[in-house]
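Shown next, in structure tokens, is the structure this report addresses.
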Amino acid sequence: MAVTPQHLLILSYYFPPSRAAGAQRIQNLVEFALEKGWQITVITLDEGQGNPIPLLVPKKSLGKQQLRVYKLKHLTALQTKAKASASSSLSDKSYLRASFWILCKKLLLALNVRLIRYRFTTAAKGVVITDTPTMMISSAPPFIVHEVALKLKKSFPELFWQADFRDPWVYPGSVNSVDELPENMSFKKVLCNADKLIAVTRGHYEFLQVLSSQVSRSAEQVVLAPNGTRIDLYEKVPPCQIDGGWAINIGHLGDITYTHRNPKSLIYALADLKPHYGRVAMHFWAEITPYTRWNGESINDMVSAAAMTECLFIHEFVPRQQALSFQKNLDLLILFALKQPVQIPSKAYEYLVADKPILAICEKESETYRLLSQFDGVFFATDNSQRSVSQALDLALAYTQELKQQTEDIKVGRKNLALLAYQAGFEKILASAGQSSVI
């Protein structure tokens, strides 16, 4: 007699081929659950790379269709266009036109939030009624998906719901007690109504446990499931040539447009150290527009002022598979993780298993520091001042140069990489099905 597989419903803004880092966690969870025999439905946003919903994606061929992905239409592209038009108008000093586009952006934001909430709710409700999933996971941010899941939980109380916090909604230190939170705050309602809460770092896990105990919930309500990665991530990644004949190639792949990822100190630090280390190049693969600014400065301003135009290169943002190829072939990898006290960028795990030297710019008290400090070949700047970054970069370059003298394809030789695997945490998530802790 055939056994009916368990069915997992996932609500997530991001899912491959999305560029967002959060998409990778969901892809890993989906692939892990598929291997365990689960049927999966993912409801996500349509970022323009696929077909209209419903979209059937035969990701795994395990007898019959086990993965369905519903991609929802939205107005985010129009928001982005309005934002770019506002920036362009301000740059041209066309203030009336800029005011118009800023107003458009605000109106589109308000409308888009309502549209996305409605479409997530409608699609998810249809799946719950038709397929009666075993478990629902809402993965955020954006936290609107938790609000949608909360509404579904109230309509279908028997539906087992886990709220996955890739980033904190409420940060440790911002509150000490649940009583400090507004009664109608969505986070408080999620805390009280989700069957399980999923945290990705130890610090956030312990914080959620404290808050859960204050609303008479069991400590078992909170599950620790780090992002992690596959230990064999780079085994089938093809080599990718980095042109220029540089002795050492330093690189960062991903978004650096946030203020706390200002590359200025890094650029100036390399300018000071370059005479000592010779032919060293720095590369950024990122989506940087002519209007991108850090404290009023463009990256071209920084590069010109530091006299680094010949050895600093800005490349177009690349898809994940190509990014892995570059990470595999760079000599020194850069990680920005400031102002993320209880988060660990997924890139940190990927960098570690790439087995390349790492320069990490993060606070000493952060979860990123806690993770990376367990491994060799990692150098820390604990703030983004030129002095701190220069000291760390000097040590990292000396270490990289020494490895490079031994072999062209440098490897740190890190041990205990099995600690970075995500499987144990994801096993806890799937094993939780049916273990409701709601009182």
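The values are calculated or read from the model by the stated rules, or taken from the named source; none is laboratory data. Everything quoted here is computed from the prediction, not taken from an experiment. Backbone-built Cβ (ideal geometry, glycine too); neighbour counts: all protein chains shown.
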- Flag for residue 351 being under 21 Å from the mean Cα position of the chain (by Cα), in a helix (DSSP H, G or I) and at pLDDT 95 or above: yes
- Looking at segment 257-280, is at least one residue at pLDDT below 90, under 21 Å from residue 25 (Cβ atoms) and not β-branched (Val, Ile, Thr)? yes
- Query: Looking at this structure, is residue 24 in the same structural domain as residue 201 (by TED's automatic domain parsing), at pLDDT below 95 and touching a helix residue (DSSP H, G or I) at 6+ places or on another chain (Cβ under 9 Å)?
  - Reply: yes
- Report, by residue number, each residue of segment 277-313 that is over 19 Å from residue 245 (Cβ atoms) and not in a loop (DSSP other than H, G, I, E, B). 284, 285, 294, 297, 299, 300, 301, 302, 303, 304, 305
- Task: Find the residue count for segment 156-207, including only residues that are of a type in the set (Ser, Thr, Tyr), crowded, with 19+ Cβ neighbours inside 10 Å and in contact (Cβ under 8 Å) with a residue 24 or more places away in the chain.
- Result: 1
- Task: Look at segment 70-126 and say how many of its residues are under 30 Å from residue 41 (Cβ atoms) and free of Cβ contacts under 8 Å to residues at least 24 places away in the same chain.
- Result: 6
- Task: Report, by residue number, each residue of segment 244-261 that is out of contact with any Pro (no Cβ under 9 Å at 6 or more places or on another chain), closer than 17 Å to residue 289 by Cα and either hydrophobic (A, V, I, L, M, F, W, C) or not assigned by TED's automatic domain parsing to the domain that holds residue 356 (or both).
- Result: 253
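Report, by residue number, each residue of segment 313-329 that is touching a helix residue (DSSP H, G or I) at 6+ places or on another chain (Cβ under 8 Å) and either farther than 17 Å from residue 248 by Cα or assigned by TED's automatic domain parsing to the domain that holds residue 17 (or both).
318, 320, 324
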- Message: If residue 136 meets every condition in (1) in contact (Cβ under 8 Å) with a residue 40 or more places away in the chain; (2) farther than 20 Å from residue 198 by Cα; (3) aliphatic (A, V, I, L, M) apart from one, which number is that one?
- Response: (2)
- Task: Kindly indicate whether any position in segment 263-275 is free of Cβ contacts under 8 Å to residues at least 24 places away in the same chain and surrounded by fewer than 20 Cβ atoms within 10 Å (Cβ to Cβ).
- Result: yes
- Total residues in segment 207-255, condition part of a loop (DSSP other than H, G, I, E, B), in contact with a strand residue (DSSP E or B) (Cβ under 8 Å, 6 or more places away or on another chain), under 28 Å from residue 403 (Cβ atoms) and not charged (D, E, K, R): 7
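Per-residue answers, yes or no, for (1) among the charged types (D, E, K, R); (2) under 17 Å from residue 202 (Cα atoms); (3) surrounded by fewer than 24 Cβ atoms within 10 Å (Cβ to Cβ); (4) modelled with pLDDT of 95 or more:
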residue	(1), (2), (3), (4)
334	no, no, no, yes
343	no, yes, yes, no
355	yes, no, yes, yes
360	no, no, no, yes
370	yes, yes, yes, yes
373	no, yes, yes, yes
376	yes, no, yes, yes
387	yes, no, yes, yes
390	no, no, yes, yes
- Within segment 89-122, which residues are farther than 22 Å from residue 148 by Cα, surrounded by fewer than 16 Cβ atoms within 10 Å (Cβ to Cβ) and small (Gly, Ala, Ser)? 91, 94, 99
